[in-house]
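Let me begin by presenting the structure, written as structure tokens, before commenting on it.
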Amino acid sequence: MASESGEQPPVLIFGSHLAALGVLRVLARRGIPAYVADDTSNVITRSRWYRAADRTLRETADPAVLADYLRSLALPTAVLIACSDQWALAVSGLPADLKERFPASIDPHVAIEQFVDKDRFRELVDHLDIPRPRTMAIGEPADIARASDEDLAMGFLKPTESQAHNRRFKTKGFFIESREHAMGLVEQARESGI
């Protein structure tokens with residue numbers, strides 16, 4: 001997308017982990033001006049192509065917070081690329097006037113919500129009856145009792161709120177060593193509000 005002057009508009013990257021780093025690398029190699037809007041000291045800041053936006057913002061899922069940030073920028077336009085679940089929620093929920101000034105190739109907010117919330121995603125997959133790995137909702141340690149030994153031996157624990165889990169445990173999920181281990185992990189997650 002070229003601006004009215006025919007110049008390539010810059011890209012604002014919202015993310016700080018590997019996906020955002022990959023986006024930054026691809027854009028830089030193509031000569032597309034890209035700036036990281038995420039207020040971070042994560043791995044992306046170590047890239048030779050890293051350029052922080054004039055103002056940065058802590059990761060948020062709140063479209064209103066992102067809208068206030070975007071309205072405060074002097075940029076006439078920029079393409080937005082969301083590189084995390086939380087940023088995707090914020091970008092997809094922007095008001096129409098900002099979507100025109102700051103376009104993004106992203107699904108509607110209601111669809112993003114459906115996929116980011118793993119409980120809602122599981123319900124959708126169950127409703128559509130599409131092929132999927134066998135899953136079992138676990139909310140508390142006692143729920144582990146419903147799992148067979150085979151399920152536990154071949155399974156893993158995956159949180160419904162993966163970003164909060166990742167911030168707390170530095171992993172996307174857990175492989176299970178034993179029934180007691182699984183119960184302990186579920187209790188730790190529950191105590192952490194995940």
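The values are calculated or read from the model by the stated rules, or taken from the named source; none is laboratory data. Remember, it's a predicted structure, so these values are computed and weren't measured experimentally. Ideal geometry is used to build each Cβ from the backbone, glycine not excepted, and the neighbour counts take in all protein chains shown. Each accessible area value is taken on the protein alone, full model and side chains, heavy atoms only, with ligands, DNA and RNA left out. Shrake-Rupley method; radii C 1.70, N 1.55, O 1.52, S 1.80 Å.
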Practice task
Select from the range 110-134 the residues that are exposed (fewer than 10 other Cβ atoms within 10 Å of the Cβ) and β-branched (Val, Ile, Thr) and write down the one among them that is farthest from the chain's Cα centre (by Cα).
Solution key: 130
Completion exercise
Subset of the range 45-72, residues under 18 Å from residue 10 (Cβ atoms), open to solvent by less than 30 Å² (accessible area, probe 1.4 Å) and either modelled with pLDDT under 95 or in a loop (DSSP other than H, G, I, E, B) (or both), comes to 47
Problem - Single match in 160, 135 (criterion: polar (S, T, N, Q) and within 17 Å of residue 187 (Cβ to Cβ)) - result: 160
Completion exercise
Within the range 73-88, the count of residues that are touching a strand residue (DSSP E or B) at 6+ places or on another chain (Cβ under 8 Å) and farther than 12 Å from residue 12 by Cα comes to 3
Exercise for the section: Could you figure out which of (1) touching a Phe, Trp or Tyr at 6+ places or on another chain (Cβ under 7 Å); (2) surrounded by fewer than 20 Cβ atoms within 10 Å (Cβ to Cβ) isn't true of residue 22? Expected result: (1)
Fill in the blank from the handout: In the set 148, 178, 84, 105, the lone residue that is within 30 Å of residue 21 (Cα to Cα), at pLDDT below 95 and among the hydroxyl-bearing types (Ser, Thr, Tyr) is 84
Problem - Single condition residue 131 does not satisfy, out of (1) over 23 Å from residue 27 (Cα atoms); (2) not in a loop (DSSP other than H, G, I, E, B) - result: (2)
Practice task
Would you check if there is a residue in the range 85-98 being open to solvent by 100 Å² or more (accessible area, probe 1.4 Å) and out of contact with any Gly (no Cβ under 7 Å at 6 or more places or on another chain)?
Solution key: no
Practice task
Search the range 136-159 for residues being touching a Gly at 6+ places or on another chain (Cβ under 9 Å) and assigned to a loop (DSSP other than H, G, I, E, B), and hand back the single one that is most open to solvent (accessible area, probe 1.4 Å).
Solution key: 158
Exercise for the section: Could you check, for the range 143-152, whether at least one of its residues is under 23 Å from the mean Cα position of the chain (by Cα) and without any contact (Cβ under 8 Å) to a residue 12 or more places away in the chain? Expected result: no
